[in-house]
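The values are calculated or read from the model by the stated rules, or taken from the named source; none is laboratory data. On a predicted model such as this, the values are computed, not experimentally measured, just so you know. Methodologically, a virtual Cβ is constructed for each residue, glycine included, from the backbone with ideal geometry; neighbour enumeration extends over all protein chains shown. Surface accessibility is based on the protein's heavy atoms, side chains included, excluding ligands, DNA and RNA. Shrake-Rupley method; radii C 1.70, N 1.55, O 1.52, S 1.80 Å.
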Amino acid sequence: MKKLTVKQLSIKNKKVLLRVDFNVPLDDKQQVANDIRIRESLPTIEYILQQGGTLIIASHLGNPEGMVKPKMSLLPVAQRLGEILKRKVLFAPDCVGSKVKKMVQALKTGDILLLENTRFYLEEKRNDPAFAKELASLADIYVNDAFGTAHRAHASVAGVARYFDKPACGFLMVKEIELLEAVLKRPQRPFLGIIGGAKVSTKIGGIRNLLKIVDHLIIGGGMCFTFYKARGYEIGKSLCEDAFLDEATVLLNNQKIYLPVDVLIAKELRKGSPTECVEACNMPVDHYGVDIGEKTRKDIAQMASRVKTIVWNGPMGIFEIDEFTKGTAHVARSVVDATTKGVISIVGGGDTIAALSKYGLRDEVTHVSTGGGATLQFLEGKKLPGIEALKDQIILKPIIAGNWKMNMDAAESRLLVRKLLELVGDVKDREIIIIPPFTSLSYVSEIIQNSRLRLGAQNMHWTRQGAFTGEISGLFLKQLGCEYVVIGHSERRHIMGETDEVINTKLKTALEIGLISIFCVGETEQEKQNGQTEEVISRQLSQGLQGIENEVHKLILAYEPVWAIGTGKTATPEQAAQVHKFIRSRLKKNTAILYGGSVKPENVDVLMAQQDIDGVLVGGASLKPENFARIVRFSNP
Ligand code: 13P
């Protein structure tokens, strides 16, 4: 489901609480050592200011465990933000309380106030409602641009949202979600994960997540010594977390995992310390492992050159010290080389981004994600609390969906969709959904994959998997790139005898697996003549939506009077509008309602001019590309 974005809010003269991820590294002199996360938030900050808003910015920095730790103050960040924006950034020495309230009251339109570290309060991590409410009381609007923290159910990320009418995403959040969704929807395989960093404890979740989606996983960095120890190797004075030895032992059986075959060792962890490369199984007792070795670097380069997608999170050694930086630098180079050959590369996590920047390669990968843990959890398909807390966006653009029904074989589908791309591929202000028969989904999906056209399926089974010969699971549809699925089409209700109960189960399953249902309702000719239109639709809605009434905004409704489908008889615009209004009155939450039934280029303009008609579901006319294109561009010459 798409989320409401800052662009859809009216900001003028409003105070905006903007949650960002300013968790940036500070150097020994308490100066910002790397300001990428600050810079990535600029589009949202600048937009809010341009729109006449006043900014109250909240973030955490580090992990002060609920205590005020001056070393984790955001004051240096306020200074850096001011330098970048070339304007004054006020700093509040706290994030809640009377002092902050006073500062907020004194703000003028266009002012920027950065609040002190939210994690100075234990309530932040506990997602304490009173703390969240107090934060919320500072502003009129809430925007979350902190993708890097979206996997945390913390007060300023998740809890705070419920105190606002329309909590929305900032531009960075939108960009991250869209790019990662594209990889998730259709990962190009083989898919290689590279995970590094110091500790198994902080990355074990990431390792488990990546193992579910990748074909190969390289484990480097300090954490590989716990794995070596689990294997029975000597690891000298290297990092090891004994608490994870059992888990490491189990993971070692996973055929997807590659562990470095050689290691760079040093006697001391300091600049200028002499190094030596040894086999992983031959480490001396008095040395530290500080980086991956030469043979491993070559292996990684080779693996990177043979895959189509790479996700990299975590450095391969103590890259901050020049003598120990080669492994990380080589991996960065291998990822960049692969990217230039068309591989999709996603690099995430603060240290990894810092490493890429150090080698001047930050702009050479497909996507630098400001998230580390958030990116990994997103790629596993998990729902992130910081994103879930934001308001779902009712698709604001008119929706034009083409249901091809049982027409168009594979070859015809290819031709039709190519033609559609030519005719409407550039249309930005419509949500265009193509709904081919099952047998054409994979072809169509491939052809439209980098376009604005969206893919839907005509039906799915009510459960995810099992002994249902001839049926199709919604999960398979998702894997093929479908975002939408038609549920309860009248042809299935009347010809195939599908009941409201079955439809209800299908809608629930689609919701669970993240497919947007286009839920069809409508009366027959007979029912219309008997004056039963509202009664029938009422029943279809209440039974179809039983138990999911509060989630109806995650579906699209479609009113398709059975007597108008494929008959050439269209409901008059007034008739249609009246039923649409009735449907809306029966829904607990607002959502888009489409009209379907003999929609053609000739009648689309008047239909779409009706207040409660948000789009059309087109059958016959969607089979002729020129007609469908005219429908898409209704009222647009
Ligand atoms: P027609 O546009 O052919 O009437 O079909 C409508 C329909 O059933 C779309 O799902």
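Quick notes on this one:
- Top-ranked residue in segment 483-505 [being away from the ligand (no atom under 16 Å from the Cβ) and buried (at least 19 other Cβ atoms within 10 Å of the Cβ); ranked as nearest to Glu178 (Cα to Cα)]: Glu483
- Failed criterion for Ser542 (all others in (1) within 15 Å of the ligand (Cβ to nearest atom); (2) over 18 Å from Asn403 (Cα atoms) hold): (1)
- Breaking point among (1) more than 10 Å from the ligand (Cβ to nearest atom); (2) open to solvent by 40 Å² or more (accessible area, probe 1.4 Å); (3) at pLDDT below 95, for Glu626: (3)
- Helices (runs of 4 or more DSSP H) lying entirely in segment 498-545 (those with 2 or more residues that are of a type in the set (Gly, Ala, Ser)): 533-544
- When Leu396 is tested against (1) at pLDDT below 90; (2) in contact with a strand residue (DSSP E or B) (Cβ under 8 Å, 6 or more places away or on another chain); (3) of a type outside the set (Ser, Thr, Tyr); (4) within 23 Å of Leu594 (Cα to Cα), only condition (2) is not met.
- Val536 meets the conditions (1) away from the ligand (no atom under 16 Å from the Cβ); (2) modelled with pLDDT under 95; (3) aliphatic (A, V, I, L, M) in every case but one. The failed one is (2).
- Selection within segment 98-135 - of a type in the set (Gly, Ala, Ser), open to solvent by 10 Å² or more (accessible area, probe 1.4 Å) and in contact (Cβ under 8 Å) with a residue 24 or more places away in the chain: Gly110
- Only one entry in Ile219, Ile213 is farther than 30 Å from Glu388 by Cα and touching a residue at least 12 places away in the same chain (Cβ under 8 Å), namely Ile219.
- Among the numbered conditions (1) farther than 16 Å from Tyr559 by Cα; (2) more than 12 Å from the ligand (Cβ to nearest atom); (3) over 30 Å from the mean Cα position of the chain (by Cα), the only one that Val632 does not meet is (3).
- Test: residue in segment 411-418 that is exposed (fewer than 15 other Cβ atoms within 10 Å of the Cβ), at pLDDT below 95 and either over 25 Å from Cys520 (Cα atoms) or not polar (S, T, N, Q) (or both): no
- Any hit, segment 184-198, residues being surrounded by fewer than 20 Cβ atoms within 10 Å (Cβ to Cβ), under 30 Å from the mean Cα position of the chain (by Cα) and not in a loop (DSSP other than H, G, I, E, B): yes
- Note on segment 40-74: among residues that are small (Gly, Ala, Ser) and over 22 Å from Leu107 (Cα atoms), the one that is nearest to the chain's Cα centre (by Cα) is Gly62.
- Hits in segment 384-441 (condition: of a type in the set (Gly, Ala, Ser) and either part of a helix (DSSP H, G or I) or within 16 Å of the ligand (Cβ to nearest atom) (or both)): Gly386, Ala401, Gly402, Ala410, Ala411, Ser413, Ser440
- Helices (runs of 4 or more DSSP H) lying entirely in segment 8-85 (those with 3 or more residues that are open to solvent by less than 20 Å² (accessible area, probe 1.4 Å)): 42-50, 75-85
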